[in-house]
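Engineer: One structure, as structure tokens, below. Some questions next.
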Amino acid sequence: MSGRLVTTDVLVVGGGLAGERCAIEAAAAGHEVLILSLVPPRRSHSCAAQGGMQASLANCVKAEGDNPTVHYLDTLRGSDWGADQEVVNIFADEAPVAVRELAHFGVPWSRMRGGKNHYFIKGEEVEIDEALDNDGLIGQRDFGGTAKWRACYAAAGTGHAALYAVDSEVVRLGITVHDRTEAVSLIHDGGRCLGAVVRCLRTGGHFAVMAKATVIATGGYGRIYGQYTSNAVINEGTGASIALDTGIVPLGNMEAVQFHPTTLMPSGILVTEGCRGDGGYLLDKNMNRFMVDAEPEKQELASRDVVSRHMVQAMRDGNGVDTPYGPHLWLDIRHIGEEHLRTKLLEVWDICRDFLGINPAEELVPVRPTQHYSMGGIRVNKDGEAYGLSGLYAVGEAACWDMHGFNRLGGNSLTETIVTGRLVGRRVAEKLAVSELRADTGVALDAVAAAEKRATAWLDRDGKGRSVYEIRDALGEIMMYKVGIFRTGEELEEAVAEIRTLLVDCNNAVLRCKDPGVNPELAFALRLKGMLRLAMTVAMGALARTESRGAHFRTDYPLRNDDEWLNRTLVRWGADEDAPRFSYEPVGMIDLPPGHRGYGSDERIAMQQSIDSYNATVLEEQGREGRLETVEAMGTRLKRGAWQAYVQ
Ligand SMILES: Cc1cc2nc3c(=O)[nH]c(=O)nc-3n(C[C@H](O)[C@H](O)[C@H](O)COP(=O)(O)OP(=O)(O)OC[C@H]3O[C@@H](n4cnc5c(N)ncnc54)[C@H](O)[C@@H]3O)c2cc1C
């Protein structure tokens, strides 16, 4: 890219599944689309996704009776009632079409085999006769927190298969992609987003991209947990961070951070929930299946927040296997057999051999929970448009749409990327058909100058400041050990104070490499303050939320409190403001009343307000928080009472 100013109809920041699926929809409608990515799109984090994507196709015996309403129920319970129920309906309704469409893009799904099949369920081998009519349909496996087998998969390389197919479609449509290019700030006039300032990671040069619509699809912010994450090194949350910098667009539910039960010890590389879905189980150091006692009904396939807590508790009780890197537990997939591992869980087989040097068909796999998914993100309405700034959208893990609430179910994120990509791409295309590019070049060039000044300031700073990598590592330790799986008010207060100190350290940090061009240290330094600010919003949000819901567990407030906390946290923090501003909004219109999830604790503080009176406030309160009008009125897609047929 050259020149200080580039224009396009749609700027998509992020070349993962969500960004590319959105770009395809807008380009297919005839709009000019430009995709930016830190890395070549096929190296986006989506490529690492393993186990599957959820869609109620009902293709096997264990999926019989599945439909979008059952998917809605599972997702909402998984969210611990933190999700927007209308959004969950939209998601579950559109998932089957979006997943089948991937087959047309070329995804080589693992397929059903009619006749006798052998599966492992709750550790026991069973034989199931699959209908011959289903032979060749998309295969489905069991995943955590679901009533039916719903996860469609391509061995254990589902993300890889999906991203390559979607990227081929991007190439086929001739969509322009600029990789090794980073959006470093948003250009806006206080009410409308006009594009982004972009930094070329090869030359260090800055440009403005002005667009009628800007879509942030930058993925999660797992790297604020340092080494304690399954996320790729590029998942530093820059999209959420540049939205936060505006001081106008809020981030939603930042304290809702998911920890995945099974990442390899000590590398943190994930082994998919599909291992447990296909019959693997967890063992402590005494070879005891502790999840059977802890969750007799769902066992290893309770939701991730519940399983992770039981695992940490087992290790705290002294039942972990001690190593110089800390304790771990075991994942046992030996009984599943080499043939299954080398076909349906191929990538797990490879990962165990390549990164641990073990044969998982014969040896136990050492695992422990680490940070995995960011439920929080840029708060958007059901059309994907950000609160407060028209023309700005967010999709995928970068967004808080919000279908995951306080815990995402496994397999729901990949599906979210393609469902929201399609839907938001469509909404963007519709809106662009009637809007013009407002090329306020003065605002754009001022924003470019400000970004250049920030980079120069880093290069010019000398002295005895800390290194940016030391600050990053210190942040990871704080986040994992004080803002982790079990949280207390005392530790969260310490975390807030320590992150504040790191923010001061960041202002005085000094680079070792002063090259303005290809300089990974400078590129990282430019992101570091944003990462610290995101971490602060997570820690402060967690401190303020005096209840436990989904993945946010306060040992000093162990109950879910639907009376006081059935709401979504919003946080705004302009780049020049000293401290974040928190507020709360209703989760959305409620149809399914808050209840027991079917796993985990059944104790909670009940909601006193009636659902009707809660619902009566939603439109006004969300409007006050900056929610923009949507194409369909609020509540239109809520299938009121449909769930009643499935709940006794
Ligand atoms: C190991 C692992 C396994 C997983 N397995 C599953 C699974 O089996 N099923 C499931 O449902 N979910 C799974 N997930 C979650 C799922 O993979 C992700 O949530 C999803 O892929 C995110 O897609 P995305 O498009 O939102 O973001 P990403 O794929 O992370 O893409 C982000 C894009 O943004 C770009 N980018 C970032 N910042 C900038 C910037 N400032 N400027 C320009 N470009 C930028 C990046 O280069 C990249 O192209 C897994 C996650 C992990 C970590």
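The values are calculated or read from the model by the stated rules, or taken from the named source; none is laboratory data. Computed from a prediction, not measured in an experiment: that's the story for all the values here. All Cβ positions, glycine included, derive from the backbone under ideal geometry; neighbour counts span all protein chains shown. Heavy atoms of the whole protein, side chains included, go into the accessibility calculation; ligands, DNA and RNA do not. Shrake-Rupley method; radii C 1.70, N 1.55, O 1.52, S 1.80 Å.
Engineer: State in Å² the accessible area per residue of segment 216-279; use a 1.4 Å probe, count heavy atoms of protein chains only, and round to the nearest integer.
Structural biologist: Using a 1.4 Å probe on heavy atoms only, each residue of segment 216-279 averages 15 Å².
Engineer: OK, next. Kindly provide the helix-only [θ] at 222 nm of the chain, computed as the sum of -39,500 (n - 2.57) over DSSP H runs of four or more divided by all residues, to the nearest 500 deg cm²/dmol?
Structural biologist: -10500 deg cm²/dmol
Engineer: Starting from 0.36 nm per residue, how many nanometres of slack lie between residue 180 and residue 633 once their C-alpha separation is accounted for?
Structural biologist: Value of the extension gain: 159.1 nm.
Engineer: Determine the share of segment 447-489's accessible area contributed by carbon and sulfur atoms, expressed in whole percent, with a 1.4 angstrom probe.
Structural biologist: 55
Engineer: Let me ask something else about it. If I ignore ligands, DNA and RNA and count only protein heavy atoms, how much of residue 501 is accessible to a 1.4 Å probe, in Å² to the nearest 10?
Structural biologist: Accessible area of residue 501: about 80 Å².
Engineer: Given Cβ point charges of +1 (Lys, Arg) and -1 (Asp, Glu) and nothing else, what value in debye, to the nearest 20, does the dipole of the chain about its Cα centre take?
Structural biologist: The calculated dipole for the chain is roughly 1160 debye.
Engineer: Here's a follow-up. To the nearest 0.05, how large is the calculated FRET efficiency for residue 481 and residue 125 if R₀ is 41 Å and r is the Cβ-Cβ distance?
Structural biologist: Given R0 = 41 Å and the Cβ-Cβ separation, E is 0.55.
Engineer: How high is the relative contact order of segment 449-520, in percent, counting Cα pairs under 8 Å that sit 6 or more residues apart?
Structural biologist: Dividing the mean separation by the residue count of segment 449-520 yields 50 percent.
Engineer: Just want to confirm a number: the relative contact order over segment 484-629, from Cα pairs under 8 angstrom separated by 6+ residues, in percent.
Structural biologist: 21
Engineer: Between residue 293 and residue 605, what FRET efficiency follows from the Cβ-Cβ distance if R0 is 35 Å, with the result rounded to 0.05?
Structural biologist: 0.85
Engineer: Using a probe of 1.4 angstrom, how much of the accessible area of segment 180-319 is carbon and sulfur, in percent?
Structural biologist: 48
Engineer: Ranked highest first by average number of other Cβ atoms within 10 Å, how do 509-515, 477-483 line up?
Structural biologist: Peptide ranking by packing, descending: 477-483, 509-515.
Engineer: What is segment 345-460 by shape, rounded, prolate or oblate, if you read a ≥ b ≥ c off the alpha carbon gyration tensor as root eigenvalues and call it rounded for a/c under 1.5, prolate for a/b larger than b/c, and oblate otherwise?
Structural biologist: oblate
Engineer: In addition: How much FRET efficiency would the formula 1/(1 + (r/R0)^6) give for residue 61 and residue 364, where r is the Cβ-Cβ distance and R0 is 25 Å, rounded to 0.05?
Structural biologist: 0.25
Engineer: Another question, if that's okay. Using only the Cα atoms of segment 473-549, build the gyration tensor, take square roots of its eigenvalues as a ≥ b ≥ c, and label the shape rounded, prolate or oblate: rounded if a/c is under 1.5, else prolate if a/b is larger than b/c, else oblate.
Structural biologist: Prolate is the answer for segment 473-549, as a/c is 1.5 or above and a/b outweighs b/c.
Engineer: Using a basic spin-label model with each label point 7 Å from the Cα along Cα→Cβ, how many nm lie between residue 313 and residue 445?
Structural biologist: For residue 313 paired with residue 445, the spin-label model returns 6.3 nm.
Engineer: While we're on this one: How much length would be gained if the chain were fully extended between residue 457 and residue 116, taking 0.36 nm per residue of separation minus their Cα-Cα distance, in nm to one decimal?
Structural biologist: Fully extending the segment from residue 457 to residue 116 adds 116.1 nm.
Engineer: Kindly provide the trypsin sites (Lys or Arg not before Pro) of segment 151-254 that DSSP labels as loop, not H, G, I, E or B, and whose Cβ sees at most 11 other Cβ atoms within 10 Å.
Structural biologist: Qualifying residues, ordered by number: 202.
Engineer: Students often forget the sequence filter, so: which lysines lie under 16 Å Cα-Cα from residue 464 once same-chain residues fewer than 8 apart are removed?
Structural biologist: The qualifying lysines are 514.
Engineer: Counting alpha carbon pairs within less than 8 Å and at least 6 residues apart, what relative contact order, in whole percent, applies to the chain?
Structural biologist: Worked out over the chain, it gives 20 percent.
Engineer: What ranking, highest mean first, results for peptides 486-493, 454-461 when packing means the other Cβ atoms within 10 Å averaged over each residue?
Structural biologist: 486-493, 454-461
Engineer: Also: Note the full-extension length gain between residue 466 and residue 515 as 0.36 nm times their separation in residues minus their Cα-Cα distance, in nm to one decimal.
Structural biologist: The span from residue 466 to residue 515 would gain 15.8 nm if fully extended.
Engineer: With unit charges on the beta carbons (Lys and Arg positive, Asp and Glu negative) and the dipole taken about the Cα centre of the chain, which residue among 6, 355, 187 sits farthest to the positive side?
Structural biologist: 6
Engineer: Report the charge-dipole magnitude of segment 538-648 in Debye, nearest 20, computed about the Cα centre from +1 at each Lys and Arg Cβ and -1 at each Asp and Glu Cβ.
Structural biologist: 380
Engineer: For segment 277-434, with only Lys/Arg (+1) and Asp/Glu (-1) charged at the beta-carbon, what is the dipole magnitude about the Cα centre, in debye rounded to 20?
Structural biologist: About 620 debye.
Engineer: Per residue, what accessible area does segment 119-207 have, given a 1.4 Å probe and all protein chains present, in Å²?
Structural biologist: 37
Engineer: Given the pairs 122/382; 148/382; 148/639; 298/344; 62/639, which span a C-alpha to C-alpha distance of over 28 angstrom in this model?
Structural biologist: 122/382
Engineer: May I pose another question? According to a simple spin-label model (label point 7 Å from Cα along Cα-to-Cβ), what is the distance in nm between residue 353 and residue 192?
Structural biologist: If labels sit at residue 192 and residue 353, their model points lie 5.8 nm apart.
Engineer: For the chain, what does the alpha-carbon gyration tensor say about shape, rounded, prolate or oblate, given a ≥ b ≥ c as the root eigenvalues, a/c under 1.5 as rounded, and a/b over b/c as prolate?
Structural biologist: rounded
Engineer: In segment 30-99, carbon and sulfur make up what percent of the accessible area (probe 1.4 Å)?
Structural biologist: Of all accessible area on segment 30-99, carbon and sulfur atoms account for 48 percent.
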